[in-house]
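Quick notes on the structure that follows.
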Amino acid sequence: MSADRLIHDATASTKGTIYQLCVAVQKCYEMIAGQKVLIECQGDITIPNSQQVETKHYSDTLTDNHPNIWKTLQNWMQDDFDAEPYTSLILYTTQQFGERAAISRWNGATSQERLEIIEAIHRQAEERKSERQNKASNMFLLQRDVLDLSRRDKLTQVIEKFVIEACSPTLPELHTVIKQQYIKGILDGKKDDFLDALIGFITQAPATREQRWEITYDRFDKKVGDLNNLYCRETRVFPRKHFNSAKLPDGHQVDAHRDHAFVQKIQDIEYLPVIREAVRDYQGTVQTINGEFKNYEVPPSRTKNYADELVEIFEKHYRVASRKCTGIIADSQSFFDSVTVEEPREFEGFDRPPMAFRNGLLHTQLDDEEKDLRWRLENI
């Protein structure tokens, strides 16, 4: 099958639908108590007595004669649409205004100036038609319908409330906006799942045509609360991606760490069998701190505090073991074992971390020559 898109490829249409649902999520977050968001009722998105929103996910420019302008106006001038209850009628589009588009002045213009703008656009279209002596285009007929004098009162009412939100965020940008502005207290690594769950909630259309597709403030508030409880609880699980007790590093990985101080300090007590395990824990801890903690918004200070307390405990154990030392090598190896099998303490913001993380973090401290830590005991 050709890799080219099929003539009737629905990708753009599907993106438009997803975009509409994401805007609906944003509008749900903006609701106040007592409000509701309607989907596909009077238009794409409706907040009764407040906003009527048409969403457009387009990549081309918004020119004076673009259908998105004129079809939106035409839709809101239908006999069965009452603009009176709304404070604003919004065209929410990802398009940028064309460089010479007179419509770009729309939001800052008065109602009379807005009428003059669209009348001037239509006159220019009429002049071009006369010069070419060609058949009236669909766009020309659409503009004529919007500007029909018999419906001028309706047009005046619509354009007074009509707002063009051009350059609105694209679909990926809107995802980011929602996650950053509204999804609070959830780890970055879980925010996509949280948003997907919200979109799934929004897409639950009514079972029958008689029912309205609506999301009330109370329903949305409860859903967000349920998701917060779910994802906040899940985020307390310590990231264990880089800790696999059954997988030890190969010879090349161990050799790459031979010159590290923490490995040399194990060699000082002639405890070669534990070096591979120590390298595994060290690697897993470094990868977790540098990679996974970014997804969990763990500030460096939290790791430093944990490491500082770990060092303090280690030094106390070291002094006790040194006082009891009778044979340096054997007792140092026993000291290593007793320290590395201790149950790890809680790490702030998570449940108890794996023992390998605690041991790996201890190895990073032993790797720091300034701390002067060692496994080899002294006779005191």
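When PRO206 is tested against (1) in contact with a strand residue (DSSP E or B) (Cβ under 6 Å, 6 or more places away or on another chain); (2) in a loop (DSSP other than H, G, I, E, B); (3) of a type outside the set (Ser, Thr, Tyr), only condition (1) is not met.
The set of residues in region 123-136 that are of a type outside the set (D, E, K, R) and at pLDDT 85 or above comprises GLN124, ALA125. Within region 302-313, residues that are more than 12 Å from ARG345 (Cβ to Cβ) sit with their Cβ atoms under 7 Å from residues that are polar (S, T, N, Q) and surrounded by 15 or more Cβ atoms within 10 Å (Cβ to Cβ), at 6+ positions apart or across chains, in these pairs: VAL311/GLN365. Within region 259-282, the only residue that satisfies the criterion of being surrounded by 17 or more Cβ atoms within 10 Å (Cβ to Cβ), of a type in the set (Lys, Arg) and over 38 Å from the mean Cα position of the chain (by Cα) is LYS265.
Residues in region 335-353 that are in a loop (DSSP other than H, G, I, E, B) and aromatic (Phe, Trp, Tyr): PHE347, PHE350. Restricting to region 178-192, name every residue that is assigned to a helix (DSSP H, G or I) and either surrounded by 14 or more Cβ atoms within 10 Å (Cβ to Cβ) or not acidic (Asp, Glu) (or both). Matches in region 178-192: ILE178, LYS179, GLN180, GLN181, ASP188, GLY189, LYS190, LYS191. Take the conditions (1) surrounded by fewer than 18 Cβ atoms within 10 Å (Cβ to Cβ); (2) over 30 Å from SER104 (Cβ atoms); (3) under 30 Å from the mean Cα position of the chain (by Cα); (4) free of Cβ contacts under 8 Å to residues at least 60 places away in the same chain; TYR217 misses just one of them, which is (4).
Within region 283-291, one or more residues are surrounded by fewer than 13 Cβ atoms within 10 Å (Cβ to Cβ) and closer than 30 Å to ILE186 by Cβ. Figure legend. Inter-residue proximity from region 326-342: first residues closer than 17 Å to GLN267 by Cβ, second residues acidic (Asp, Glu), beta-carbon distance below 7 Å, spacing 6+ or different chains. Indicated pairs: ILE329/GLU270. Taking the stated definitions as given, is ASP255 under 30 Å from TYR29 (Cα atoms), among the charged types (D, E, K, R) and either modelled with pLDDT of 90 or more or surrounded by 11 or more Cβ atoms within 10 Å (Cβ to Cβ) (or both)? When the stated conditions are applied, ASP255 does not pass them.
Taking the residues in region 10-67 that are polar (S, T, N, Q) and free of Cβ contacts under 8 Å to residues at least 12 places away in the same chain as candidates, determine which candidate is farthest from SER88 (Cα to Cα).
Filtering region 10-67 for residues that are polar (S, T, N, Q) and free of Cβ contacts under 8 Å to residues at least 12 places away in the same chain, the one farthest from SER88 (Cα to Cα) comes out as THR11.
Looking at region 72-94, which of its residues are in contact with a helix residue (DSSP H, G or I) (Cβ under 7 Å, 6 or more places away or on another chain) and more than 19 Å from SER111 (Cβ to Cβ)? Within region 72-94, TYR92, THR93 qualify. Of all residues in region 287-308, none satisfies being closer than 24 Å to TYR271 by Cα, at pLDDT 90 or above and not small (Gly, Ala, Ser). On the stretch given as region 1-16, residues that are assigned to a helix (DSSP H, G or I), modelled with pLDDT under 85 and not polar (S, T, N, Q) total 1.
Considering only region 231-258, state which residues are within 21 Å of the chain's Cα centre (by Cα) and free of Cβ contacts under 8 Å to residues at least 12 places away in the same chain. ARG233, the sole residue that qualifies.
So is GLU173 modelled with pLDDT under 90 and farther than 19 Å from LEU73 by Cα or not? Spelling it out, it is not the case that GLU173 is modelled with pLDDT under 90 and farther than 19 Å from LEU73 by Cα.
Checked across region 169-179, the condition of being closer than 30 Å to ILE121 by Cα and either under 30 Å from the mean Cα position of the chain (by Cα) or not aliphatic (A, V, I, L, M) (or both) holds for at least one residue. Name the pairs whose Cβ atoms lie under 6 Å apart, with the first residue in region 369-380 and closer than 21 Å to VAL274 by Cα and surrounded by 13 or more Cβ atoms within 10 Å (Cβ to Cβ), the second among the β-branched types (Val, Ile, Thr) and at pLDDT 90 or above, and 6 or more positions between them or separate chains? Partner pairs satisfying both residue conditions: TRP375/ILE269; ARG376/ILE269; LEU377/ILE328. Determine if region 326-342 includes at least one residue that is within 30 Å of ASP188 (Cα to Cα), buried (at least 18 other Cβ atoms within 10 Å of the Cβ) and not hydrophobic (A, V, I, L, M, F, W, C). Looking through region 326-342, none of the residues is within 30 Å of ASP188 (Cα to Cα), buried (at least 18 other Cβ atoms within 10 Å of the Cβ) and not hydrophobic (A, V, I, L, M, F, W, C).
The values are calculated or read from the model by the stated rules, or taken from the named source; none is laboratory data. Computed from a predicted model, the values in this text were never measured in an experiment. All Cβ positions, glycine included, derive from the backbone under ideal geometry; neighbour counts span all protein chains shown.
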